[in-house]
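The values are calculated or read from the model by the stated rules, or taken from the named source; none is laboratory data. Because the structure is a prediction, the values reported are computed rather than measured. Cβ placement follows ideal geometry from the backbone for every residue including glycine, while neighbour counts extend to all protein chains displayed. Each accessible area value is taken on the protein alone, full model and side chains, heavy atoms only, with ligands, DNA and RNA left out. Shrake-Rupley method; radii C 1.70, N 1.55, O 1.52, S 1.80 Å.
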Amino acid sequence: MKMSVHYDGPGEINKWISLARTQVKELHYKNEQMFLFEKFITKLNGAYQMLAECNEAMTEKAKVDQMIASMSQCTNPAIVAATTTLMMNPEMRNNFVMAANKMTEVIANVFPVLQ
């Protein structure tokens, strides 16, 4: 038996899908002190990529909606307003990279890096 059959077989793919879905479900962003937004987006995007590689890709809209839902614990008014803007902007709501970049920009303004 080839090792690639074992490591790339249906059982392994199902484990990767389950792991990625769990990660998507359990990732949450509240503020920069609890979890850096950059790490949040990196982990979320990694899970999305894993799902895509396993032929379980999410739509761009579903990715943005999940990102926003995962930020629901954040009560900062500027960030809440930015997520509302994303939801109302069809172009950003259907483009995960664009939406994530917009949120990165907003969060950088709300939580400036301390030197």
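Figures for the structure shown
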| read-out | value |
| --- | --- |
| The range 78-89, subset open to solvent by less than 50 Å² (accessible area, probe 1.4 Å) and under 17 Å from the mean Cα position of the chain (by Cα), residue nearest to Asn31 (Cα to Cα) | Ile79 |
| Selection count, the range 51-77, where residues are farther than 15 Å from Leu27 by Cβ, touching a helix residue (DSSP H, G or I) at 6+ places or on another chain (Cβ under 7 Å) and either among the charged types (D, E, K, R) or open to solvent by 50 Å² or more (accessible area, probe 1.4 Å) (or both) | 4 |
| Qualifying residues in the range 96-115 (those that are at pLDDT below 90 and under 20 Å from Pro77 (Cβ atoms)) - the one least open to solvent (accessible area, probe 1.4 Å) | Phe111 |
| Subset of the range 35-45 [exposed (fewer than 13 other Cβ atoms within 10 Å of the Cβ) and not basic (Lys, Arg)] | Thr42 |
| Filter result (open to solvent by 30 Å² or more (accessible area, probe 1.4 Å) and touching a helix residue (DSSP H, G or I) at 6+ places or on another chain (Cβ under 9 Å)) within the range 14-34 | Trp16, Leu19, Arg21, Thr22, Gln23, Lys25, His28, Asn31, Glu32 |
| Whichever residue in the range 35-57 is under 11 Å from the mean Cα position of the chain (by Cα) and aliphatic (A, V, I, L, M) and, among such residues, is nearest to Lys15 (Cα to Cα) | Ala47 |
